[in-house]
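Worksheet for the structure shown next.
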Amino acid sequence: MEDFHICPVTNYYKRILLPVSYGLVFVLGLTLNGALVWCVWARTRRWSSTVIYMANLAVADLLYVLALPPLIISNAMGDLWPFGNIICKTVRFFFFVNLHCSMMFLTCVSVHRFIGVCFPIAAVRLRTKKLALFASGSVWVLATAEILPTLVFAHTGVINNMTVCFEMTNPKQFNVYFPYGLFLAIVGFLIPFLVVVTCYCSMMKVLYCGVADSISNARTARVRNKSLYTLLVVCLMFVVCFVPYHITRTVYLFVRVYIPGECHLLNVVMISYKVWKPVVSFNCCANPLLYFLGSHRHRQELRTWLCRRWKRVQPSVCLVDAGNTNRSGG
């Protein structure tokens with residue numbers, strides 16, 4: 001292996017911040033997305049187009065968190081990579097494929113909701129299971145095709161006598177990687193982001209006007225207000241999770257390619273990028289929460305799943321919950 005000597009970078013935060021945050025994402029993401037997949041497969045008899053998108057989103061998020069353990073171990077060891085070159089390529093590939101799949105499925109969900117809210121008549125023929133299956137299959141194919149070059153760029157190398165797994169590529173190939181990195185930022189983030197924001201802003205406008213028009217009908221106004229707040233939360237979550245990560249990643253790539261000698265600046269943009277990486281990972285935990293919190297039935301399904309897993313530890317929790325459910329008629 002070739003030994004690369006680059007600017008000395010500050011990496012003390014990696015041994016605490018990244019392992020702890022990724023570990024939390026792994027536990028929460030595995031539990032919540034596992035519960036969502038179980039609810040869809042075991043509890044759903046009739047699959048709607050919404051369920052198809054949410055099931056695919058949960059699978060993408062589940063595969064994403066399953067790629068985290070080697071990264072957690074490596075970060076805890078100060079970036080030392082003990083798993084070999086093949087696992088390095090595989091982990092990076094699945095990490096980015098499922099991140100992009102998650103982004104694309106969120107875009108599908110937003111377009112799906114947009115059609116239902118803004119074009120309810122056209123939604124009857126556009127929001128079909130056949131179209132949802134086609135769109136889901138296309139997402140997996142496109143995301144895989146986008147990330148295939150990662151198998152070439154990502155590999156192990158030696159920096160300061162330590163074997164590492166390059167997240168993007170080695171320092172000598174950043175000039176070659178830069179156009180590909182911009183392509184991923186535009187196709188994998190910017191375009192889906194504009195679609196999502198446009199859809200949610202349009203839906204919020206329609207719902208806000210609907211609340212104003214139906215002010216005399218208190219029940220309708222409450223329902224529309226709840227939908228409006230839900231859309232606002234989803235939109236803000238989307239912005240917070242994805243925008244800073246992709247901006248700092250693009251800036252980091254730019255500095256790596258065009259200002260590689262500015263070590264202080266490189267440290268600043270690298271730390272910013274690494275700090276926002278766990279934030280984008282938390283999105284895979286938020287997606288199933290939004291699904292379960294969306295209705296009483298989904299919340300009850302989550303309680304049932306959790307009780308089956310934890311009843312040997314604290315059986316009284318499930319008994320109390322069951323009693324409350326029975327009294328509430330749930």
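The values are calculated or read from the model by the stated rules, or taken from the named source; none is laboratory data. This one's a predicted model, so the numbers in the text were calculated from it and none came from an experiment. Quick reminder, even Gly has a Cβ in these numbers, built from the backbone with ideal geometry, and neighbours come from all protein chains shown.
List of remarks:
- Of all residues in the range 1-56 being outside any helix (DSSP H, G or I), β-branched (Val, Ile, Thr) and touching a helix residue (DSSP H, G or I) at 6+ places or on another chain (Cβ under 8 Å), the one that is modelled with the lowest pLDDT: ILE6
- Pick from the range 159-186, criterion exposed (fewer than 14 other Cβ atoms within 10 Å of the Cβ) and touching a residue at least 40 places away in the same chain (Cβ under 8 Å), ranking: farthest from ILE86 (Cα to Cα): ASN175
- Annotation: LEU306 fulfils all but one of (1) surrounded by 13 or more Cβ atoms within 10 Å (Cβ to Cβ); (2) at pLDDT 80 or above; (3) of a type in the set (A, V, I, L, M); the unmet one is (2).
- Qualifying residue in the range 52-66 (condition: of a type in the set (Ser, Thr, Tyr), surrounded by 22 or more Cβ atoms within 10 Å (Cβ to Cβ) and within 13 Å of CYS284 (Cβ to Cβ)): yes
- Residue count for the range 256-265, restricted to those that are surrounded by fewer than 20 Cβ atoms within 10 Å (Cβ to Cβ), at pLDDT 85 or above and part of a helix (DSSP H, G or I): 3.
- Criterion violated by THR90 - all others in (1) among the polar types (S, T, N, Q); (2) buried (at least 16 other Cβ atoms within 10 Å of the Cβ); (3) touching a residue at least 24 places away in the same chain (Cβ under 8 Å) satisfied: (3)
- Subset of the range 263-284 (residues that are out of contact with any Lys or Arg (no Cβ under 8 Å at 6 or more places or on another chain) and touching a residue at least 40 places away in the same chain (Cβ under 8 Å)): CYS263, ASN267, MET270, ILE271, VAL275, LYS277, PRO278, VAL280, SER281, PHE282, ASN283, CYS284
Matching residues to (1) small (Gly, Ala, Ser); (2) within 23 Å of CYS235 (Cα to Cα); (3) at pLDDT 85 or above:
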{"residue": "LEU148", "(1), (2), (3)": "no, no, yes"}
{"residue": "ALA212", "(1), (2), (3)": "yes, yes, no"}
{"residue": "ARG219", "(1), (2), (3)": "no, no, no"}
{"residue": "VAL223", "(1), (2), (3)": "no, yes, no"}
